[in-house]
Amino acid sequence: MATRSYRLDSSRLLRREPVALAVLTLAAILAFLFVTGLSRMFHAQQDALAQRWSARGLTDLKAGRYTDAIPEFRAALLYTRDDFDFRLGLAQALIGLHRNAEAFTYLINLWGRRPENGVVNLELARIAAEQGQTEQALRSYHNAIYANWPAGQEGRATETRFELVEYLLKLQARTQAESELISLAASASDDTAQQTRLGSLFQRIPDYERALAAFRRALSVHPQDVAALTGAGTAAYDLGRYAIAERYLQEAVSRNPGDYISNDRLRIARLVLQLDPLRPRIPAAERDRNVMTAFAAAGDRLKACPVAATYAAAGTSKQDLAAQWAKLKPQITPSGLRRDPDLVTTAMDLVFTVERQASEWCGTPTTTDSALLLIAKLHEGN
Amino acid sequence: MGSIQNSHASAHTPALAEKDAQAQAESAAGLSPAGVFWSVFREDRFFLVLSVFIGIFSGLAVVCFRFAIDWSRIYLLGTGAELSPWRLILAPTLAGLAIAVLTIHVFPAARGSGVNQTKAALYIYDGYIPFKTAIGKFIASSVAIGAGHSLGPEDPSLQIGATLASAIGRRMKLSRDRMRLLAPVGAAAGLAAAFNAPISAVLFVIEEVIGRWTAGILGSVVLSAVSSVVVMRSFLGSESLFRIPPVELRRPSELIAYCILGIIGGFASVAFSSGIGALRPRCRNLPQWTLYLQPAVAGMLIGLIAVLGAPQVMGAGYEYMDEAMHGQFTWQFLAILAVLKILATLLSFVSGTPGGMFAPTLFIGAMLGAAVGGAEHALLPHFHYTAGTYALVGMGVLFAGFLRAPMTSVFMVLEVSGNYTIIVPVIVANTFAYVISRALQPVPIFDLLSRQDGLDLPSMEELREEDVLRVEDAMQPSPGPVLECDDSLDRGFLELEKASCPFLMVRLPANGWACLDQKQADAWMKEGRGGYALGTLLTDAHIPYVYPDQPLDTVLRYVDRWPVVPVVNRANLRKLDGVISQRDVLARYRDFGGE
């Protein structure tokens with residue numbers, strides 16, 4: 001009976017609106033508190049799972065295990081559905097497996113959310129580049145260059161510009177590539193690796209002057225850097241500044257004796273310096289000696305390359321090179337050269353013609369021939 | 001009536017007459033008119049406040065339900081995205097066994113989707129839903145969906161909301177009428193929170209549960225839906241169920257592609273609902289002991305589908321709808337997923353596993369939409385194709401074709417996408433799907449299920465399309481000339497004799513009407529009032545009037561008190577379009593029954 005009367009009282013009480021509302025409010029507050037606790041527990045678990053899976057995904061992504069990274073990022077996304085970084089990680093893993101179409105859909109969504117994000121723009125650029133969408137790729141590369149990069153990753157804008165230059169060089173768009181490189185050179189730090197890379201790219205343009213400047217800037221920080229030394233030597237060599245080239249290449253070769261290309265260049269540079277009879281302030285005896293060496297080398301070259309020997313240059317007496325050489329040979333003696341100073345020019349002109357023709361017809365010359373060719377180039381137009 | 005004129009005219013207008021009657025009834029019960037007014041006003045207000053609380057509690061319950069589903073998934077299937085084959089098969093199988101025991105022995109009312117149970121509460125049980133049902137639904141559905149059964153959380157949320165509302169209503173000792181209304185209020189709250197779409201939830205409840213736009217309940221339904229969504233968002237965030245990609249329709253000619261999608265979606269809806277309609281009774285008629293095994297077998301088969309390469313069909317599958325919308329699958333795989341999801345949902349649903357049909361319907365629609373769009377684009381590359389647009393339209397198509405809720409299907413897509421450019425393709429495609437589905441499957445799925453359960457719940461589709469008889473269908477022309485209030489009784493008497501009819505209509509000042517009948521005229525003539533103006537004699541004899549377009553039922557309120565009711569023109573209340581009597585109304589209803 002007591003229970004029944006209590007129930008009746010309580011129901012009567014509930015029928016009174018203010019009391020009912022107060023009870024409902026209290027119940028709602030209690031329910032809210034309960035669900036808040038539950039929600040904290042739930043979200044903490046979800047966050048922990050998301051972090052665990054994304055950490056695994058990130059590790060696998062960095063290690064290039066894209067097949068493993070994909071389900072891990074997907075699992076992470078189950079718990080934090082809209083996490084930007086997880087989606088980006090997933091997209092990068094998909095790119096790693098060349099599933100570009102899938103990656104693109106993720107990236108384009110991420111781009112919609114953060115159009116200023118550097119990584120997203122860079123990945124979009126790479127996909128567009130791979131799909132041959134040049135305009136889109138260039139736009140995305142530029143977006144990436146001028147994008148916001150996370151703290152500590154500001155250097156990636158420069159890195160992206162390097163990538164853009166590589167892409168432009170691949171497209172043979174040298175002018176655009178050069179302008180990007182010039183901007184890059186203006187903003188790049190003195191970091192040796194960066195300056196060396198810059199120099200190498202300038203060489204590919206080719207802009208040897210700027211390349212040499214970049215390598216020198218690199219060497220100003222690390223004078224012993226082999227790559228920079230080699231680059232500087234090569235750039236100087238390509239510019240025809242063989243004395244400078246010799247200095248850098250010698251340094252580079254002494255530090256990296258296995259670098260055969262630099263070794264060859266060094267040898268040629270030395271020969272150029274040594275054999276050039278037309279260089280200023282050369283003693284007469286040495287000049288004559290050099291002319292005779294060059295003339296003899298040209299003769300050997302003609303013998304080795306009969307096709308070139310039969311070449312008759314326009315404007316000459318229709319004699320072929322072999323005949324011209326044979327005709328001039330008796331005069332190329334120390335006394336002959338001393339007697340007739342113009343003979344130096346005549347002999348060297350013939351030597352240069354022989355070397356040019358022979359290299360055209362018979363391919364790679366010997367070291368001496370290469371040096372003679374470079375000397376010819378050096379004095380072109382004089 | 002709703003006419004301003006009426007409310008001003010006199011106490012004889014219908015609206016006031018009704019209030020009179022109500023006041024009389026209340027007076028009889030011992031309450032003063034002011035008391036009656038305050039009583040009604042306070043109950044209405046309290047009901048609205050209660051709706052907000054129902055929304056809050058439903059929102060909280062749905063949040064817990066979502067947590068429960070996720071926890072079930074984590075503990076039953078594992079935390080990763082790629083699950084071990086053993087788990088894929090064992091989890092739904094064992095969960096099926098447990099669910100069978102629960103639904104057979106502990107929570108028998110927890111079977112099914114929950115929509116019909118809510119309708120039954122409204123139409124049969126005076127708003128009563130046992131609280132145990134919510135508990136059963138909560139546990140069984142969360143385990144089933146978490147374990148990978150191909151069902152969704154929306155319909156159970158709807159039922160949980162309705163059950164909570166019913167429980168609160170019972171504690172508040174609400175009147176029977178209010179109790180009935182509480183179930184849809186709670187249902188809207190539950191659905192809105194589950195779907196994170198209050199407008200669609202309100203529309204669905206009105207379209208599929210209540211069946212009519214009733215002003216009395218609309219406010220409560222909206223309030224509860226909004227408050228539940230606010231609560232849900234405060235815990236789970238405001239993100240929609242899937243990320244919506246850019247949606248666009250470039251050329252009107254692309255509508256052809258959406259028409260094709262609507263046609264294919266219509267046939268898919270019919271296949272889906274026919275499958276359920278055919279298999280569900282067969283499964284139920286199997287020996288009793290098989291009921292313990294049916295959910296487990298369904299779970300095992302779904303697990304097998306997952307192991308064979310389509311784990312996407314497990315659970316609600318929102319994350320995969322998201323992926324489909326963003327073009328993560330080829331159109332061929334999308335088509336396969338649509339077919340497999342139909343199969344998996346059939347298995348889960350007909351086995352009696354508790355869970356909803358909303359999510360699977362949306363999943364099938366999204367996959368089918370994106371697949372059809374992809375195939376069309378492959379065949380006709382000049383058609384612009386974005387998987388997201390087709391997937392969204394596909395969702396609407398299945399919603400219209402399978403659930404047969406055309407209004408909700410359109411607004412659901414709009415609400416979810418937040419993009420109005422999609423409205424034209426959605427309407428076009430949904431119309432095709434709806435028409436095809438109606439033609440091939442006359443009984444909508446929810447009605448089919450309720451009939452299979454032995455309940456004769458009102459069909460909302462039939463209600464929507466019911467032909468309503470109007471006053472103009474039964475009214476008769478005026479039997480004679482219309483008399484003016486200035487006319488004398490002598491003239492009226494003469495006209496009555498001339499027209500040889502028992503009455504004539506008299507136009508009174510200020511748009512009023514009265515009836516001069518032969519008997520009354522005879523009596524006044526005998527009293528020597530032949531020279532009196534009719535207006536003077538009939539001052540207190542105002543008759544309510546009706547309009548030709550009003551439902552015929554309206555007339556029934558008056559014809560027992562007045563032998564004839566004037567039917568007047570809405571543009572000119574002094575113009576008589578006809579008259580209507582009780583006999584006319586009954587004759588029309590008799591004829592209508594035979595039509």
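Numbers below:
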{"read-out": "Test: A:ARG40 is farther than 16 Å from B:ASP70 by Cα, more than 8 Å from every other protein chain (Cβ to nearest Cβ) and without any contact (Cβ under 8 Å) to a residue 40 or more places away in the chain", "value": "no"}
{"read-out": "Segment A:45-92: number of residues that are within 12 Å of chain B (Cβ to nearest Cβ) and aliphatic (A, V, I, L, M)", "value": "11"}
{"read-out": "Every residue from segment B:167-187 that is under 19 Å from A:ALA22 (Cα atoms) and crowded, with 24+ Cβ neighbours inside 10 Å", "value": "B:GLY169"}
{"read-out": "Counted residues, segment A:328-382 - those being under 33 Å from the mean Cα position of the chain (by Cα) and among the small types (Gly, Ala, Ser)", "value": "5"}
{"read-out": "Qualifying residue in segment A:239-261 (condition: β-branched (Val, Ile, Thr), assigned to a helix (DSSP H, G or I) and surrounded by 17 or more Cβ atoms within 10 Å (Cβ to Cβ))", "value": "yes"}
{"read-out": "Flag for B:ALA298 being within 14 Å of chain A (Cβ to nearest Cβ) and among the aliphatic types (A, V, I, L, M)", "value": "no"}
{"read-out": "Qualifying residue in segment A:149-170 (condition: free of Cβ contacts under 8 Å to residues at least 60 places away in the same chain and in contact with a strand residue (DSSP E or B) (Cβ under 8 Å, 6 or more places away or on another chain))", "value": "no"}
{"read-out": "From B:ILE139, B:ILE69, B:ILE74, residue being more than 26 Å from the chain's Cα centre (by Cα), away from chain A (no Cβ under 14 Å) and modelled with pLDDT of 90 or more", "value": "B:ILE139"}
{"read-out": "Some residue of segment B:340-356 being more than 21 Å from B:SER240 (Cβ to Cβ) and either touching a strand residue (DSSP E or B) at 6+ places or on another chain (Cβ under 8 Å) or within 14 Å of chain A (Cβ to nearest Cβ) (or both)", "value": "yes"}
{"read-out": "Test result for A:ALA101, touching a residue at least 24 places away in the same chain (Cβ under 8 Å) and either more than 19 Å from B:ILE244 (Cα to Cα) or within 14 Å of chain B (Cβ to nearest Cβ) (or both)", "value": "no"}
{"read-out": "Residue check for B:ALA514: within 30 Å of B:ASP553 (Cα to Cα) and crowded, with 21+ Cβ neighbours inside 10 Å", "value": "yes"}
{"read-out": "Lone qualifier among B:ALA510, B:ALA514 - being among the aliphatic types (A, V, I, L, M), modelled with pLDDT under 80 and closer than 22 Å to B:ALA571 by Cα", "value": "B:ALA510"}
{"read-out": "Residue check for A:GLN224: of a type in the set (S, T, N, Q), surrounded by fewer than 24 Cβ atoms within 10 Å (Cβ to Cβ) and on the phi < 0 side of the Ramachandran plot", "value": "yes"}
{"read-out": "Some residue of segment B:162-171 being farther than 21 Å from B:SER348 by Cα, within 15 Å of the chain's Cα centre (by Cα) and either in a helix (DSSP H, G or I) or away from chain A (no Cβ under 14 Å) (or both)", "value": "yes"}
{"read-out": "Long-range neighbours under 8 Å by Cβ, at least six apart or interchain, first residue in contact (Cβ under 8 Å) with a residue 12 or more places away in the chain and basic (Lys, Arg) within segment B:489-512, second assigned to a loop (DSSP other than H, G, I, E, B) and surrounded by fewer than 22 Cβ atoms within 10 Å (Cβ to Cβ)", "value": "B:LYS498/B:GLY480; B:ARG507/B:VAL482; B:ARG507/B:CYS485; B:ARG507/B:ARG574"}
{"read-out": "Criterion violated by B:VAL222 - all others in (1) closer than 21 Å to B:SER157 by Cβ; (2) within 12 Å of the chain's Cα centre (by Cα) satisfied", "value": "(2)"}
{"read-out": "Residue match in segment B:145-159 (condition: under 21 Å from B:PHE349 (Cβ atoms), among the aliphatic types (A, V, I, L, M) and not in a helix (DSSP H, G or I))", "value": "yes"}
{"read-out": "Helices (runs of 4 or more DSSP H) wholly inside segment B:445-517 containing at least 2 residues that are within 30 Å of B:GLY528 (Cβ to Cβ) and among the aliphatic types (A, V, I, L, M)", "value": "B:489-499"}
{"read-out": "From B:PRO566, B:PRO544, residue being in a loop (DSSP other than H, G, I, E, B) and either at pLDDT 85 or above or in contact with a helix residue (DSSP H, G or I) (Cβ under 6 Å, 6 or more places away or on another chain) (or both)", "value": "B:PRO544"}
{"read-out": "Where B:THR536 falls short, out of the listed (1) among the hydroxyl-bearing types (Ser, Thr, Tyr); (2) over 47 Å from the mean Cα position of the chain (by Cα); (3) buried (at least 18 other Cβ atoms within 10 Å of the Cβ)", "value": "(3)"}
{"read-out": "Index of the failed condition, B:ALA296 passing every other in (1) buried (at least 24 other Cβ atoms within 10 Å of the Cβ); (2) modelled with pLDDT of 90 or more", "value": "(1)"}
{"read-out": "Hey, A:ALA129 among the aliphatic types (A, V, I, L, M), under 14 Å from the mean Cα position of the chain (by Cα) and part of a helix (DSSP H, G or I) or not", "value": "no"}
{"read-out": "Subset of segment A:106-126 that is part of a helix (DSSP H, G or I) and within 14 Å of chain B (Cβ to nearest Cβ) - its residue that is nearest to B:GLY327 (Cα to Cα)", "value": "A:TYR106"}
{"read-out": "Count of residues meeting criterion [touching a residue at least 12 places away in the same chain (Cβ under 8 Å), surrounded by fewer than 18 Cβ atoms within 10 Å (Cβ to Cβ) and in a helix (DSSP H, G or I)] in segment B:409-425", "value": "3"}
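Residue-by-condition table, conditions (1) buried (at least 22 other Cβ atoms within 10 Å of the Cβ); (2) facing chain A (nearest Cβ under 10 Å); (3) closer than 15 Å to B:GLY373 by Cα; (4) of a type in the set (Ser, Thr, Tyr):
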site	(1), (2), (3), (4)
B:GLY219	no, no, no, no
B:GLY237	no, yes, no, no
B:GLU248	no, no, yes, no
B:PRO252	no, no, no, no
B:LEU255	no, no, yes, no
B:LEU261	yes, no, yes, no
B:ILE264	yes, no, yes, no
B:SER269	yes, no, no, yes
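The values are calculated or read from the model by the stated rules, or taken from the named source; none is laboratory data. Please read these numbers as outputs of a predicted model, since none were measured by experiment. Here the Cβ is made from the backbone with ideal geometry for all residues, glycine too, and neighbour counts use every protein chain on show.
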